[in-house]
Amino acid sequence: MTEFKRIQTPLTDGAVLTLRAGDNLLISGSIYTGRDAAHKRLVDLITAGAELPFDINGQIIYYVGPSPARPGRVIGSAGPTTSGRMDAYSPLLLKHGLKGMIGKGSRSQQVRDAMVEHKGVYMAATGGAAALLTRSIKSMELVAYEDLGPEAIRVLRVEDFPVVVVNDVLGNDLYETGMKQYQRQS
Amino acid sequence: MRQINSRKITEAVVKLCQDANFDLAHDVTQAYQAAMDSEESPTGKEVMRQIIENAEIAHSERVPSCQDTGVAVFFVEIGQDVQVTGGSLRTAIEDGVRQGYLEGYLRKSMCDPFTRKNTTTNLPAVIHFDIIPGENFRIAIAPKGGGSENMSTVCMMKPSDGRDGVIRQIVDWVKKSGSNPCPPIVVGVGIGGNFETCAILAKKSLLRPIGQRHADPEIAHLEIEILSKINDLGIGPMGLGGRNTALDVHIEYMPCHIASLPIGINIQCHACRHKETVL
């Protein structure tokens, strides 16, 4: 069986420093949703010197655009989207206190460098396992940008949300090391 | 002349949209199980366990297995002796998409390319029509997510690249795509035809059940050879390292221009969604 480490949000520098690429984590606490359009707005606010719609210090952003919730449900299916589309925005958010990002797929060298410099971590949730991941989401509240529909910023209260650490503060990348470990010459 | 009422088509499309997103086909779940059993990486095994449990939840609770319920892509074969009554065939299919996505609580993912404003109906659908002899009407849906579609390509290769060049191109492309398209993937390949045909062949090949080989033994052999090379890349489930990078490789093949060697590579994520019905 896979061994999981439990972590609580918000994340402190101390907590981030203990995380290593390859660690299986179960996250509990609050995490924020945001993808392409919301990221652009956050970065525009920072660039203009304006205040963000939530305190980003120590927080985790989950790259997700959920399907609509059925009546009586907290949220629809909510799996990760491809993180690379957020690469242009992430370094600035890390500089301003963001500690964690959850998505799927590899990050640019600039984002990886920013994680080392500002003590941040990138985690992968299982893409396409949206119905399963939804079970760890206990509540959802709108934070900002309702006009963006599934791309609005929402805060999710999660319990034991399963992720794997891909990039850590030492500059490790599980996508690279994992692939090397299992490749064969053919 | 056989008549089919457009309302019947709309009803069938509503069901196809929802069933495809809630219920993964048996060939797909069987391939998941085989990948979990054979996976050497503990993390890869855990990913496959989650993917299998996810498919079971989606099926039993009638919820989308993935939040990206995709572009609604259809392949329609209509017999030339069939007449659609009560409205246009295209409108009947579009009405089914609108209703199916709304009532099934499926995500509407279509938007304007520049303003990014959502059309809110998941329309337009992408519909490929094929006129066939007879009175049959067959409609297949393959909802396609953005993550894997973004990792697809058309390459106009040189005839001198040949078989080896084509193999190299496909394997290198999968390597470059890495973790992005949600492996273990199904690789749909169209070889031959022209620019647009090789892409359509690649997409159409994804409708074939996983594990079913091309009828031509030489193409079947090529599929197996490429699959083995892709799994030797070590990308693994969700790109976290492992021995299962692709569940299958499907090739469709046809003649091309004497100056050309077009290939289309359509990458399909592990949620290989396809459903069809005959009216």
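The values are calculated or read from the model by the stated rules, or taken from the named source; none is laboratory data. Bear in mind that the values here come from a model prediction, so they are computed numbers and not experimental data. Cβ sites come from the backbone with ideal geometry, for glycine too, and all protein chains shown count toward neighbours.
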Exercise. Name the residue, out of B:238, B:254, that is touching a residue at least 24 places away in the same chain (Cβ under 8 Å) and crowded, with 24+ Cβ neighbours inside 10 Å.
Key: B:238
Quiz item: Is it the case that some residue within the range B:9-22 is closer than 17 Å to residue B:238 by Cβ, at pLDDT 95 or above and acidic (Asp, Glu)?
Solution: no
Practice problem: At least 2 residues that are within 14 Å of chain A (Cβ to nearest Cβ) in each: list the strands (runs of 3 or more DSSP E) lying fully within the range B:213-279 that qualify. | Solution: B:246-256, B:261-268
Quiz item: Any idea how many residues of the range A:136-177 are within 26 Å of residue A:70 (Cα to Cα), modelled with pLDDT of 95 or more and at the interface with chain B (Cβ under 8 Å from one of its Cβ atoms)?
Solution: 1
Quiz prompt | Answer from B:162, B:147, B:188, B:178 - the residue that is surrounded by 23 or more Cβ atoms within 10 Å (Cβ to Cβ) and at pLDDT 95 or above | solution = B:188
Practice problem: Please find, within the range B:50-72, the residue that is farthest from residue A:181 (Cα to Cα) out of those that are crowded, with 22+ Cβ neighbours inside 10 Å and aliphatic (A, V, I, L, M). | Solution: B:72
Exercise. Looking at (1) buried (at least 16 other Cβ atoms within 10 Å of the Cβ); (2) in contact (Cβ under 8 Å) with a residue 40 or more places away in the chain; (3) not in a loop (DSSP other than H, G, I, E, B); (4) not aliphatic (A, V, I, L, M), find the lone condition where residue A:139 falls short.
Key: (1)
Practice problem: Report yes if some residue within the range A:94-105 is within 14 Å of chain B (Cβ to nearest Cβ) and among the β-branched types (Val, Ile, Thr); otherwise report no. | Solution: yes
Quiz prompt | Evaluation of residue B:3 against (1) outside any helix (DSSP H, G or I); (2) within 14 Å of another protein chain (Cβ to nearest Cβ) (one fails), failing number | solution = (2)
Quiz item: Hey, any hits in the range B:82-91 for a residue that's in contact (Cβ under 8 Å) with a residue 12 or more places away in the chain, under 17 Å from the mean Cα position of the chain (by Cα) and either outside any helix (DSSP H, G or I) or outside the structural domain of residue B:262 (by TED's automatic domain parsing) (or both)?
Solution: no
Quiz item: Name the pairs: first residue in the range A:158-186 and free of Cβ contacts under 8 Å to residues at least 40 places away in the same chain, second residue part of a helix (DSSP H, G or I) and of a type outside the set (Val, Ile, Thr), Cβ to Cβ under 6 Å, at least 6 apart or on different chains?
Solution: A:186/B:229
Exercise. Go through the range B:22-73 and count every residue that is part of a helix (DSSP H, G or I), in contact with a strand residue (DSSP E or B) (Cβ under 7 Å, 6 or more places away or on another chain) and more than 9 Å from every other protein chain (Cβ to nearest Cβ).
Key: 2
Quiz prompt | Selection within the range B:159-185 - over 18 Å from residue B:205 (Cβ atoms), in contact with a strand residue (DSSP E or B) (Cβ under 6 Å, 6 or more places away or on another chain) and assigned to a loop (DSSP other than H, G, I, E, B) | solution = B:180
Self-check item: Selection within the range B:26-49 - under 19 Å from residue A:135 (Cα atoms), out of contact with any Pro (no Cβ under 6 Å at 6 or more places or on another chain) and buried (at least 20 other Cβ atoms within 10 Å of the Cβ)
Solution: B:46
Quiz prompt | Residue list for the range B:103-120, restricted to those being buried (at least 16 other Cβ atoms within 10 Å of the Cβ) and touching a helix residue (DSSP H, G or I) at 6+ places or on another chain (Cβ under 9 Å) | solution = B:104, B:106, B:107, B:108, B:109, B:118
Quiz item: Inside the range B:225-235, can you point out the residues that are touching a residue at least 24 places away in the same chain (Cβ under 8 Å) and surrounded by fewer than 17 Cβ atoms within 10 Å (Cβ to Cβ)?
Solution: B:225
Exercise. Take the residues in the range A:40-77 that are away from every other protein chain (no Cβ under 14 Å), assigned to a loop (DSSP other than H, G, I, E, B) and within 19 Å of the chain's Cα centre (by Cα), then tell me which one is surrounded by the most Cβ atoms within 10 Å (Cβ to Cβ).
Key: A:59
Self-check item: Unmet criterion (only one of (1) free of Cβ contacts under 8 Å to residues at least 24 places away in the same chain; (2) on the phi > 0 side of the Ramachandran plot; (3) surrounded by fewer than 23 Cβ atoms within 10 Å (Cβ to Cβ)) for residue A:105
Solution: (3)
Quiz item: Does the range B:130-151 include one or more residues that are without any contact (Cβ under 8 Å) to a residue 12 or more places away in the chain and either within 24 Å of residue B:21 (Cα to Cα) or charged (D, E, K, R) (or both)?
Solution: no
Self-check item: Close pairs (6 angstrom Cβ cut-off, 6 or more residues apart or separate chains): of a type in the set (Gly, Ala, Ser) in the range A:32-50, outside any helix (DSSP H, G or I) anywhere
Solution: A:34/A:61; A:34/A:153; A:38/A:145; A:38/A:153
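Check the range A:108-123 and report whether any residue there is within 10 Å of chain B (Cβ to nearest Cβ) and within 17 Å of the chain's Cα centre (by Cα).
no
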Quiz item: Across the range A:3-14, which residue is surrounded by the fewest Cβ atoms within 10 Å (Cβ to Cβ) among those that are touching a residue at least 40 places away in the same chain (Cβ under 8 Å), farther than 18 Å from residue A:135 by Cα and of a type outside the set (Ser, Thr, Tyr)?
Solution: A:13
